[in-house]
Each structure stands twice: as C-alpha cells, then as structure tokens.
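> Mind having a look at this structure? Questions to follow.
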Amino acid sequence: MSVRTLLLTGGGLVALVASIAVAVTIGPADISTGDVWTSVAAHLGLGESTLAPLRDGIVWDLRMPRTLLAAVCGAGLAVCGAVMQSLLRNPLADPFVLGVSSGASTGAVAVVVLGVGGGVLSLSGGAFLGALLSFALVLTLSHALGGSTDRVVLSGVAVMQLFAALTSFTVLTSADAETTRGVLFWLLGSLTGADWGQVLLCAVVLAAALVVCLGHARTLDAFAFGEEAAAGLGVRVARTRLVLLCTTALLTAVLVSCAGAIGFVGLVLPHATRVLTGSGHARLLPATALTGAVFLVWVDTLARTVLDPQEVPVGVVTALVGVPAFVAVLYRGRRRT
C-alpha cells in the first residue's frame, strides 16, 4: 500500500469519526461531543456513564444509530456506483440502474398499502423482496437479449420503469392521503426510525460486499479497457460480471429496504473520488466508501435540522446537493479533455 493511499485512507477515517461525533451533537437537545464519547464508552463497557438516562438515550438510542446508518448507506451506495460505472463502462450508472430501487419501492408499497404478507412482512422485508424480484427480472431479460453490458443497462431501465409504474398505480388507486404521504416520504429516502438491528445488518452486508469487490479490484481495472481486452487478460467476463452485479444488487437491496431510495450518492461520489485517487480500484473503492459515508452523514444531519421540527427526505437533499456537484465534476472532466 502506497503512502498516498495510507494518507487518503487515514484522513478519510479521521474525517468520518469526527463527522459522526459532531453530527450526533446537532439537534434540539443540547448534547456535547464529550457526552457522545461518554455514552459510547459506557455502552461499550469502557467506563461508567455520567449522563442522565434521557440524554444517554438521545445519544445511544436515537442519534447514534441513525448517524451510523447514514454512514453505512452512504458508503455502500457509493461503492456500488463505483463498481457499476466500471463494470458497465457507463459513467451514468448508479446502484439503481438495475431496477433495484424501483422494485424495493413496489415491495414496500405492496406491504403498506395492499397488506401483502398479512401483517407478518414488514415494510423493510417487502422492500427487500421487491428489490430481489426486480433484479431477477433484469437478469432474466438481459440474458434473453444476449447478456451484453448494454443489454443489462437497457433491461434495468425497462424494469425500473415497470416497477415505478406499478408503484404509482398502487398508491393512486389503493392508498388514502395519510398512507400516501408516509409512503412517498419513505420513497424519497428516510433514516427516521433507524435502529441498531438495521445498522448491524447493513454493516455486515457492506463489509462482505467490500471484500468481494476489493477481491475483484484488478479485474475491474481490466474492464476499463473493454470486455474483449479483459477477456484477453484472462478475465472470465460473464462470470465476473454476474458475481459483481449480484453483489451490488444485494447490497443496494438491503440499503434501500432500510433507508428508502437515496439517489445521486452512487452517481456523484465515485466521480468526485476519482479526482483524488485515480481510477485504480484498490485505492478507489475504500476512498469512495469513506467519501460516501462522510457525505451522507452530513446530508442526513442537514435533512433533519434545516426545517426543524419538520424533516426533509434525505433523497431530496442529496439531489439538491448532488446535481450541482455532478455538473462541476463533468465540467472539470471537460476541461481536462
């Protein structure tokens, strides 16, 4: 590992820890960073908490799991975007190009509005099953059309539109006004109600996905030269593409089922990070994960405080921040060409 990589990774980790510590203090209740460290240390068995139960609960049960879930979701979506942009050789590819987000939205709506699952299946469970169903449909359709990279993208777009239409039709025909408001808020991305179970689930899946993707870092570098060039270098193109697509789809499905559809993170952050690290995936993937984590921690903090006591959907804020950032990245790339 080069000195530059160590510095980038170390700096990213410091920025992430500092961001989490400060973000947890922001809100109506007066919490200091010292309170945060005291609460965390006590719950990890590293000391005794001197905080009142109410303040300790605000830190440990409310703000900390939400902030950590934001970090995990930001890291996961950013990594998925980086992998898919290289794998599909499409700079506009993001975690939702495979229709996973639309399928998750349909599954969630089916549970909340139509009562699918008979009360046994939760919103997150319905979203996860819907995401897997949509991805299976994409794989089936793209395989029937030849299985090439452009067919995967086109199949994803088609399935995405199909499930988006099903979601809209279900909401418009079967939901009352209050249910519609709640569903639409979730569809735009929301970390409200985050708990430690969701943090653990998403973190475990993210760690496993990172291991798989980093194990294919050199293969992803080869894909940058095209599938034929990668095959010439000994890469098993079809198998590798299937493994990485399934990995990113599974990670996206888990994240979307817990946090809703949060756009632009997987589209913008990989491009921004490449400016710092270059295109080598051994450096790009860890750096992108850290950048995405820090980015979404602060976006979520802004979303829950800017109009306090009303909360703005996280996906709205990522779009407002992401569009100008993406334009700036494109302009920078244009100047270099």
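> Before we move on, is residue 208 assigned to a helix (DSSP H, G or I), open to solvent by 50 Å² or more (accessible area, probe 1.4 Å) and touching a residue at least 60 places away in the same chain (Cβ under 8 Å)? Spell out the reasoning first.
Details: assigned to a helix (DSSP H, G or I): yes; open to solvent by 50 Å² or more (accessible area, probe 1.4 Å): yes; touching a residue at least 60 places away in the same chain (Cβ under 8 Å): no.
No.
> Please state which one of 273, 301 is of a type in the set (Ser, Thr, Tyr) and within 17 Å of residue 92 (Cβ to Cβ).
Numbers: 301 fails: within 17 Å of residue 92 (Cβ to Cβ).
None of the other options fit; the residue is 273.
> Oh, and also: Consider the range 284-319. How many of its residues are at pLDDT below 90 and more than 20 Å from residue 23 (Cα to Cα)?
1
> Sticking with this one: Name the single residue that is surrounded by the most Cβ atoms within 10 Å (Cβ to Cβ) among those in the range 110-144 being under 17 Å from residue 183 (Cα atoms) and of a type in the set (Ser, Thr, Tyr).
Once the filter is applied, the top-ranked residue is 124.
> Additional query: Mind counting the residues in the range 8-40 that are of a type outside the set (A, V, I, L, M, F, W, C) and without any contact (Cβ under 8 Å) to a residue 40 or more places away in the chain?
So the count comes out to 10.
Residue-wise test of (1) surrounded by 15 or more Cβ atoms within 10 Å (Cβ to Cβ); (2) part of a helix (DSSP H, G or I).
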position	(1), (2)
147	yes, no
151	yes, yes
154	yes, yes
163	yes, yes
172	no, yes
180	yes, yes
185	yes, yes
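> Let me ask something additional. Over 24 Å from residue 14 (Cα atoms), open to solvent by 10 Å² or more (accessible area, probe 1.4 Å), among the aliphatic types (A, V, I, L, M) and not in a helix (DSSP H, G or I), is that true of residue 250?
Considered against the rule, which asks whether it is over 24 Å from residue 14 (Cα atoms), open to solvent by 10 Å² or more (accessible area, probe 1.4 Å), among the aliphatic types (A, V, I, L, M) and not in a helix (DSSP H, G or I), residue 250 comes out as no.
The values are calculated or read from the model by the stated rules, or taken from the named source; none is laboratory data. Here the structure is a predicted model, which means the values were calculated and not measured. Cβ: placed from backbone, ideal geometry, glycine included. Neighbour counts: every protein chain shown. Just the protein is used for accessible areas: all its heavy atoms, side chains included, with ligands, DNA and RNA removed. Shrake-Rupley method; radii C 1.70, N 1.55, O 1.52, S 1.80 Å.
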